[in-house]
Amino acid sequence: MQTVDAATIQWLLDQAMLEQGKPIAARYSGQGFMWQHPYADPQPRAAADLASVWFAAYPPSIVTRPGESVLQTLGNPSLWEAFAEIGIRGVHTGPMKRAGGLSGTTYTPTIDGYFDRISLEIDPTFGTTAEFVTMSENATRHGAVVIDDIIPGHTGKGADFRLAELGYGDYPGIYHMVSIPPDDWALCPMYLPGRDSVNLVAEVVDTLQAKGYLVGQLSRTIFYAPGIKETDWSVTPVIKGADGVERRWVYLHYFKEGQPTLNWLDPTFAGPRMVMGDALHSLGVLGARMLRLDANGFLGIEKREEGRAWSEGHPLSITANQVIAGMVRKAGGFTFQELNLTVDDIAAMSKGGPDLAYDFITRPAYHHAIVTGDTEFLRLMLVTMHTYGIDPAALVHALQNHDEMTLELVHFWTLHKDDRFEFAGRDWSGAALREQIRATMYTRTSGPDAPYNLRFTTNGVASTTASIVAAALGIRDIQHLSQDEKAQIQRGHLLLAMYNAFQPGIFAISGWDLVGALTVPHDKVAHLMEDGDTRWIHRGAYDLMNVNPAAETSLAGLPLAPTLYGSIPAQLANPTSFLRQLAANVGRTSEISPLRGAPDSHSPGQEPRATPDGARTT
């Protein structure tokens with residue numbers, strides 16, 4: 001049985017995000033500046049006016065100068081000068097706060113690329129809070145902004161979750177967790193040595209649902225892997241609480257077992273309070289001007305009389321996102337959502353919700369177009385976007401990000417699986433069209449035809465933009481590319497970049513795109529893929545400024561990715577390079593257009609105020 005003494009409980013309270021957020025929120029309460037900004041409606045064009053071209057970083061992949069942290073390297077003025085020359089006016093850092101879990105008072109590593117946050121402090125892997133603030137200040141000096149992350153759907157198993165397991169205060173209300181009475185402990189799997197929870201198989205979930213404990217199985221199981229994750233529910237061992245009561249908890253995790261899901265409709269409202277503290281910390285302490293809402297479509301869950309639980313497209317997700325986005329706008333910032341659900345959901349969530357949305361609508365479609373040489377599916381998705389009244393200026397049009405090339409095509413899988421669509425001279429149901437597109441993409445971008453890419457569970461293909469283009473060109477061996485093959489990949493890469501950059505809204509380009517990264521040889525990241533997560537092959541390390549030519553890995557231990565284009569300085573010195581051609585062909589990457597003015601100054605801790613015409617200043 002697990003038990004914890006009073007001193008450990010106090011230590012956990014000192015580390016907990018719910019506690020850390022309280023003094024930060026208090027700085028905003030009762031202040032006049034919180035009423036100076038409109039907050040009811042999204043403001044996508046105002047957000048784009050701050051910065052319409054973003055660099056999308058992935059901190060674990062960044063190669064640093066010897067002896068420097070990731071944040072020192074990202075905050076170096078020479079990098080910001082290079083970004084200014086390219087035309088980049090915003091840097092989306094990706095998650096940089098401490099992640100992973102706790103075993104007693106010992107920190108355990110992240111299990112999902114730092115998307116399992118457990119603290120408001122910067123993760124020591126990347127640097128310090130002071131270094132983040134310095135990066136924000138350097139961005140401001142170069143007419144740019146920093147974009148941070150909050151994760152409103154889950155945490156890691158840090159102090160907040162450990163306090164919840166102990167039944168301490170409001171902490172159980174943070175999560176979707178249920179205490180199972182002792183009489184029914186035998187229904188759950190036995191405790192396994194070395195594990196702090198055990199995943200439940202479907203039959204056990206169904207039994208606990210029938211007894212009235214759980215809402216049941218969800219509509220889909222993300223990260224499904226036999227013997228590892230068979231449902232979205234796991235159970236703890238017997239834990240003696242702070243009140244002396246022994247409990248076994250069953251908790252929900254949409255993603256991995258170490259990412260317990262937050263409860264947005266508990267009477268304590270502890271989960272929302274924790275998320276708001278995190279958001280205000282990023283804005284008021286770190287100096288960020290925008291925040292990404294990661295996986296923000298999974299904030300509501302409800303039992304249904306028949307079938308599986310209602311867990312996607314739930315109205316509570318819409319309400320919760322309106323609350324988050326409204327609070328951030330009241331504080332003078334902006335948000336964008338990473339919402340890979342139906343077009344209906346993206347449209348609904350944008351009404352009163354985040355200012356911008358990631359372009360999951362046309363992203364799989366433009367990949368299909370480059371692979372097949374046929375734009376019909378892309379045209380279908382563009383028409384669908386306009387049918388639902390989604391303004392392309394409210395979208396973040398991006399190349400590669402930290403995730404796989406998604407092929408979920410949720411729009412055709414759930415609400416519209418029985419709707420009819422015209423494609424390739426035939427009439428298709430949504431479900432049949434989805435399978436046709438997926439089959440084509442899996443065959444052409446992975447397997448024997450492109451062994452350097454790997455399928456990612458049931459959702460897509462782990463790949464870089466360059467490796468997608470290589471597959472589209474029919475190249476089977478990327479280890480020994482000829483100069484002509486490299487040039488062809490570069491042309492295809494530029495085509496995809498220009499498709500995204502020519503649209504209104506935000507153009508986002510990753511570090512992997514800037515250097516032309518290919519996938520990492522699979523054996524070099526085999527230890528990271530033991531749980532079936534193949535995305536590590538496309539998260540190789542990259543050295544943007546050639547600051548450490550001798551490095552073989554990033555500070556986080558990721559191996560260097562093979563690259564086609566070289567560092568930013570090398571490309572800026574070459575008139576035929578990827579970056580120089582991108583700047584030449586996409587005007588807005590070389591200068592800020594009159595419609596996209598430079599952002600205003602905003603020093604960390606200095607609250608923005610509204611001028612009479614509504615423009616933000618300091």
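Each reported figure results from applying straightforward, stated rules to the coordinates on display, with no laboratory input. On a predicted model such as this, the values are computed, not experimentally measured, just so you know. Note: ideal-geometry Cβ built from the backbone for every residue, glycine included; neighbour counts use all protein chains shown.
Among the lysines, which fall within straight-line cross-link reach of K211, defined as a Cα-Cα distance under 19 Å, with same-chain neighbours fewer than 8 residues apart omitted?
Candidates past the 8-residue exclusion: K303.
Taking the simple approach of a point 7 Å from Cα along Cα-to-Cβ for both R491 and E376, what is their distance in nm?
Reported label-point gap for R491 and E376 is 2.5 nm.
Report the label-to-label distance for D391 and D184 in nanometres (one decimal), using points 7 Å from each Cα along the Cα→Cβ vector.
Spacing of the two 7 Å Cα→Cβ label points: 4.9 nm.
If each residue of separation counts as 0.36 nm, what is the full-extension length gain between W11 and T207 once their alpha-carbon separation is subtracted?
Details: separation 196, 0.36 × 196 = 70.56 nm, distance 3.73 nm.
Once the chain is fully extended between W11 and T207, it gains 66.8 nm.
Within 13 Å, Cβ to Cβ, of R438, how many net charges do the neighbouring residues add up to if Lys/Arg are +1 and Asp/Glu are -1?
Overall, the nearby charge balance is 0.
Using modelled backbone amide H atoms (1.01 Å from N, in-plane), which distant-in-sequence or interchain residues come within less than 5 Å of G540's amide H?
V520
How many nm separate the modelled label positions at D477 and D344, each set 7 Å beyond the Cα in the direction of the Cβ?
5.0 nm
Between L192 and K524, how high is the FRET efficiency from 1/(1 + (r/R0)^6) when r is the Cβ-Cβ distance and R₀ = 35 Å? Nearest 0.05. Mind dumping the intermediate values first?
Details: r = 30 Å, r/R0 = 0.86.
After rounding to 0.05, the efficiency reads 0.70.
Treating only the Cβ of Lys, Arg, Asp and Glu as charged (+1, +1, -1, -1), what charge dipole size does the chain show about its Cα centre? Round to the nearest 20 debye.
On the way: 48 positive and 67 negative charges, 169 e Å.
The calculation lands at about 820 debye.
If you take the beta carbon distance between L572 and A25 as r and set R0 to 45 Å, what does 1/(1 + (r/R0)^6) give as a FRET efficiency, to the nearest 0.05?
Numbers: r = 44 Å, r/R0 = 0.97.
The computed FRET efficiency comes out at 0.55.
Order 120-132, 547-559 from most to least packed using the mean count of other Cβ atoms within 10 Å.
120-132, 547-559
Going down the table (K256/K351; K157/K417; K417/K486; K229/K524; K22/K157), which pairs top 28 Å between alpha carbons?
Details: K256/K351 30 Å; K157/K417 36 Å; K417/K486 40 Å; K229/K524 25 Å; K22/K157 20 Å.
Flagged as over cut-off: K256/K351; K157/K417; K417/K486.
Taking the Cα of V245, stepping 7 Å toward and past its beta carbon, and measuring to each backbone N in segment 178-200: which are under 15 Å?
178-184
For semi-axes √(5λ) of the Cα gyration tensor in Å, pick the label among (i) 53, 35, 18; (ii) 43, 33, 22; (iii) 36, 29, 25 that corresponds to the value derived from the coordinates.
(iii)
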